[in-house]
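Participant: Below: one structure in structure tokens.
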Amino acid sequence: MAFYYSEPAHTFSEYLLVPGYSDANCIPSKVSLKTPVVKFRKGETPALSMNIPMVSAIMQAVSDDKMAVALAREGGISFIHGNQTIESQAEMIRRVKNYKAGFVPSDSNLTPDSTLADLLVLKEKNGHSTIAVTDDGSANGLLLGLVTSRDYRVDQFSPETPCKDFMTPIDKLITAPEGITLNEANDIIWKHKLNSLPIITKDGHFSAFVFRKDYDQHKENPLELLDSKHRFIVGAGINTRDYAERIPALLEAGCDILCIDSSEGFTEWQSRVIQFVRENYGDKVKIGAGNIVDREGFRFLAEAGADFIKIGIGGGSICITRETKGIGRGQATAVIEVAQARDEYFKETGIYVPICSDGGIVHDYHITLALAMGADFCMLGRYFSRFDESPTQKVMINGNFMKEYWGEGSARARNWQRYDMGGKKKLSFVEGVDSYVPYAGPLHDNLEITLNKIRSTMCNCGALTIPELQDKARLTLVSSVSLVEGGAHDVLVKDNINHPHG
């Protein structure tokens, strides 16, 4: 006879944190969000930790090299998606590891014959106001000039006006040679009161920009996550099919941590991948596994040797695994049970295996709930897909800017490896949707607000660290009526009133 759980599975929205005593020392500026990423023995320091408890999902619509740089700058890790060739994924890893902080390759470039109309389309697409004009319109062509918003007026120029008629030509630009240090570049920016400084090679080809705003942002980012050579930390997703070829290529490119990307992790396939890593690289190479939703799944992957374990099946905003297959579990219940299993395993073995809550985050406070329930960090897809740094298109839908977002189990992604159960090499039915999410702007600005909310809530619970939050947190289930009471109610909210005159 089938086994039946006595309690229903719950989601994050069904819980609230109950405030605890906060002393005068418990203020958000003193909260540390540092958290372990890989397993460690009692009394030892983890080989890899993050400064914020957030990683970006292993998805085409979320995690590429641009996202990886942006998130590492904030103290988190991006797991670059594996639904691409081994060569292209390794190249993304290389770009992150070779990224010289402050030197920004240009992804907005035009030729001298490109028109003002072309420029406006490019500006709308990428959101950049400084655009390089090169002989061939590439990021490394011969630099001929720059266009900024000060060089043209839309109402006084014909859309067909070529860039060469209004750009600032190279002979009137202040540039710097390739090989200059970031400090030297910033000195030039300050001395000449520039917003951007083009870096060019000996033969005049465009190399990169150094921006004044990046200098300011660098000062604002004391949490950036760097390796021993002061390069950004980056992760990568792998599958259970071509891992023997993919893993060596990713490691050669400089990947810091791997994660098996699968909708279901309680399988022999995953233990084989971990065994391959241990036999060929020992404990030096770090690899996460998942996804699982219960004690048995955690124990299986912990004993197989996973460095961290991901929790969550069917809870993602674009995931329809529960609808199509009837498989999954409420994310809050899954995190609570797996956290208990993690603690039991730690008591038995002296080995702490970090757990990652993947999916089910709708509101910022859900991250804090996941941490309080025992998660060491959260993996987010929809959250990061909304930002400038995600790899998808920004489009206008019904007068609002949106960004495209699709699941790895969707017909668009065709990521059959992720859902593979040892059958034919194709996706036989979809487990994800193709969608849009509201465009939200730069990652830095949005993440700052989210982290401030987490720190503030932790102080409400009297906690200055994540382990302290897990120790002190008190959680209560809420009724459907309580959920209504928690929002604005019995008032007419001003923002929702359509003004009679527009």
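The values are calculated or read from the model by the stated rules, or taken from the named source; none is laboratory data. Keep in mind the model is a prediction, meaning the values are calculated, not measured. Backbone-built Cβ (ideal geometry, glycine too); neighbour counts: all protein chains shown. Accessible surface areas use protein heavy atoms only, side chains included; no ligands, DNA or RNA. Shrake-Rupley method; radii C 1.70, N 1.55, O 1.52, S 1.80 Å.
Participant: If each Cα of the chain is one equal point scatterer, what is log10 of I(q)/I(0) from the Debye formula at q = 0.09, 0.11, 0.12, 0.13 Å⁻¹?
Facilitator: -0.70, -1.01, -1.16, -1.30
Participant: Right, next: How about region 1-97: which trypsin sites (Lys or Arg not before Pro) there are in a DSSP loop, with at most 10 other Cβ atoms within 10 Å of their Cβ?
Facilitator: Those satisfying the criteria are 42.
Participant: If you roll a 1.4 Å probe over the chain with all protein chains in place, what percent of the accessible area is carbon or sulfur?
Facilitator: Roughly 51 percent of what the probe reaches on the chain is carbon or sulfur.
Participant: Putting +1 on Lys and Arg Cβ atoms and -1 on Asp and Glu Cβ atoms, find which of 96, 141, 110 reaches farthest to the positive end of the dipole of region 51-205.
Facilitator: The residue sitting most towards the positive pole is 96.
Participant: For region 3-103, what is the accessible area per residue in Å² when the probe is 1.4 Å?
Facilitator: Numbers: 4560 Å² over 101 residues.
Accessible area per residue, region 3-103: 45 Å².
Participant: Tell me, which longest segment in the chain has none of the GluC sites (Glu not before Pro) that fall in DSSP loops with at most 15 further Cβ atoms within 10 Å?
Facilitator: With a cap of 15 other Cβ atoms within 10 Å, the longest stretch comes to 179-502.
Participant: Then there is this: Taking the Cα centre of each part, how many Å lie between region 446-474 and region 105-179?
Facilitator: Here the two parts' Cα centres lie 45 Å apart.
Participant: Let me know the Kirkwood hydrodynamic radius for region 166-278, please, with Cα pairs as the basis and the value in Å to one decimal. All intermediate terms of the calculation are to be shown ahead of the outcome.
Facilitator: Numbers: mean 1/r = 0.0554 Å⁻¹.
For region 166-278, the Kirkwood estimate is 18.1 Å.
Participant: Also, I was wondering about something else. Filter the cross-link list 310/472; 66/193; 100/213; 100/229; 453/494; 66/125 down to pairs whose alpha-carbon distance in this structure exceeds 18 Å.
Facilitator: 310/472; 66/193; 453/494
Participant: Then there's this: Can you work out the accessible area per residue across region 319-363, with the rest of the protein chains kept in place, probe 1.4 Å, in square angstrom?
Facilitator: Each residue of region 319-363 exposes 41 Å² on average to a 1.4 Å probe.
Participant: Another question, if that's okay. How much net charge surrounds residue 162 when only the other residues with a Cβ under 13 Å from the Cβ of residue 162 are counted, with Lys and Arg +1 and Asp and Glu -1?
Facilitator: With Lys, Arg at +1 and Asp, Glu at -1, the net is -4.
Participant: Something else: Leaving out ligands, DNA and RNA but keeping every protein chain, what accessible area does residue 205 have, in Å² rounded to the nearest 10, with a 1.4 Å probe?
Facilitator: Its heavy atoms expose roughly 60 Å² to the probe.
Participant: So what is the 222 nm mean residue ellipticity for the chain from helices alone, if each DSSP H run of at least 4 adds -39500 (n - 2.57) and you divide by all residues, rounding to the nearest 500 deg cm²/dmol?
Facilitator: -9500 deg cm²/dmol
Participant: Tell me, what is the per residue accessible area of region 176-237 in Å², probe radius 1.4 Å?
Facilitator: That works out to 57 Å² for each residue.
Participant: For region 108-183, which chymotrypsin sites (Phe, Trp or Tyr not before Pro) pass both filters: DSSP loop (anything but H, G, I, E, B) and at most 13 other C-beta atoms within 10 Å?
Facilitator: Working: sites: 152, 157, 166; in loops: 152, 157, 166.
Answer in residue order: no site qualifies.
Participant: Do any trypsin sites (Lys or Arg not before Pro) in region 117-185 lie in a loop, going by DSSP, with at most 14 other beta-carbon atoms within 10 Å of their beta carbon, and if so which?
Facilitator: 153
Participant: How much net charge surrounds residue 231 when only the other residues with a Cβ under 10 Å from the Cβ of residue 231 are counted, with Lys and Arg +1 and Asp and Glu -1? Don't skip to the answer; put the middle values down first.
Facilitator: Details: positive: 97, 100, 229; negative: 227, 256.
So the environment of residue 231 carries a net charge of +1.
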